[in-house]
Amino acid sequence: MVQKAVAYVVHRGRLLVFTHDDVPIETTGVQVPAGTVEPGESPAEAAVREVLEETGLRTRAVRELGTEVYDVRPAKDERHERHFFQLAPVEDSVPERWHAGEEHPSEGQAQRWTCWWAPLDHGHVLCAGFGARLGEIVG
């Protein structure tokens, strides 16, 4: 089973989300930062690292929200053990909307996306089980 970290970055009652710029929303949906836990890294460290790599935003872990198993099939023949974390930006001043991406992601080719802050009560729009632990977020 592949170990993944999922980051719910919360700022002023809003959740950091993104959509891919070069892939239709029908294919990738609305997402939150997430990625593989690297060898020697804790899931919390992976969550903080993934947010920085994917969005350029420096964050800190606030609390662990639990773990869920997600079957990725049929997109990939994998099952993920996802570790969910609530994070907060290190700085109080953050952009409202910005473009980010990864030139050399661990899986595949370069990716670009648009990041923004969505109201927490709009979390139902998250794709692929990424909203599984939103109810655990503490204001």
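The values are calculated or read from the model by the stated rules, or taken from the named source; none is laboratory data. Predicted model, so just to flag it, every value in this text is computed and none were measured. Glycine also receives a Cβ, built like all others from the backbone with ideal geometry; neighbour counts cover every protein chain displayed.
Looking across Ala47, Ala75, Ala132, one residue alone is under 26 Å from Pro24 (Cα atoms), among the small types (Gly, Ala, Ser), without any contact (Cβ under 8 Å) to a residue 60 or more places away in the chain and surrounded by 14 or more Cβ atoms within 10 Å (Cβ to Cβ). It is Ala47. Can you find a residue in the stretch 87-98 that is more than 22 Å from Leu52 (Cβ to Cβ) and either surrounded by 15 or more Cβ atoms within 10 Å (Cβ to Cβ) or not hydroxyl-bearing (Ser, Thr, Tyr) (or both)? Looking for residues that are more than 22 Å from Leu52 (Cβ to Cβ) and either surrounded by 15 or more Cβ atoms within 10 Å (Cβ to Cβ) or not hydroxyl-bearing (Ser, Thr, Tyr) (or both), one finds none in the stretch 87-98, hence no. Criterion applied to Val69, Val17 was being of a type in the set (A, V, I, L, M, F, W, C), part of a strand (DSSP E or B) and either without any contact (Cβ under 8 Å) to a residue 24 or more places away in the chain or loosely packed, with under 15 Cβ neighbours inside 10 Å (or both), and the one residue passing it is Val69.
Quick grid of which residues meet (1) under 15 Å from Phe130 (Cα atoms); (2) free of Cβ contacts under 8 Å to residues at least 24 places away in the same chain:
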site	(1), (2)
Gln3	yes, no
Val32	yes, no
Gly40	no, yes
Thr55	no, no
Thr59	no, no
Arg82	yes, no
Asp92	no, yes
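Matching residues to (1) part of a loop (DSSP other than H, G, I, E, B); (2) at pLDDT 95 or above; (3) farther than 24 Å from Glu38 by Cα; (4) charged (D, E, K, R):
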| site | (1), (2), (3), (4) |
| --- | --- |
| Arg82 | no, yes, no, yes |
| Ala88 | no, yes, no, no |
| Val94 | yes, yes, yes, no |
| Glu107 | yes, no, no, yes |
| Arg112 | no, no, no, yes |
| Trp116 | no, yes, yes, no |
| Ala128 | yes, no, no, no |
| Ala132 | yes, no, no, no |
| Gly139 | yes, no, yes, no |
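Filter the stretch 96-105 for residues that are at pLDDT below 95, charged (D, E, K, R) and more than 14 Å from Pro33 (Cα to Cα) and give the result. Passing the criteria: only Glu103. For Val9, the stated conditions hold: it is touching a helix residue (DSSP H, G or I) at 6+ places or on another chain (Cβ under 7 Å), in a strand (DSSP E or B) and under 17 Å from Pro95 (Cβ atoms). The requirement of being surrounded by fewer than 20 Cβ atoms within 10 Å (Cβ to Cβ), among the charged types (D, E, K, R), more than 16 Å from Arg133 (Cβ to Cβ) and within 14 Å of the chain's Cα centre (by Cα) is not satisfied by Glu103. Annotation note: of Ala5, Ala44, Ala61, Ala88, the sole residue that is on the phi < 0 side of the Ramachandran plot, of a type in the set (Gly, Ala, Ser) and in contact with a Gly (Cβ under 8 Å, 6 or more places away or on another chain) is Ala5. Within the stretch 5-16, being β-branched (Val, Ile, Thr) and farther than 26 Å from Pro39 by Cα holds for one residue alone: Val10.
Before we move on, is Val23 buried (at least 16 other Cβ atoms within 10 Å of the Cβ) and more than 19 Å from Val94 (Cα to Cα)? Against the criterion (buried (at least 16 other Cβ atoms within 10 Å of the Cβ) and more than 19 Å from Val94 (Cα to Cα)), Val23 does not qualify.
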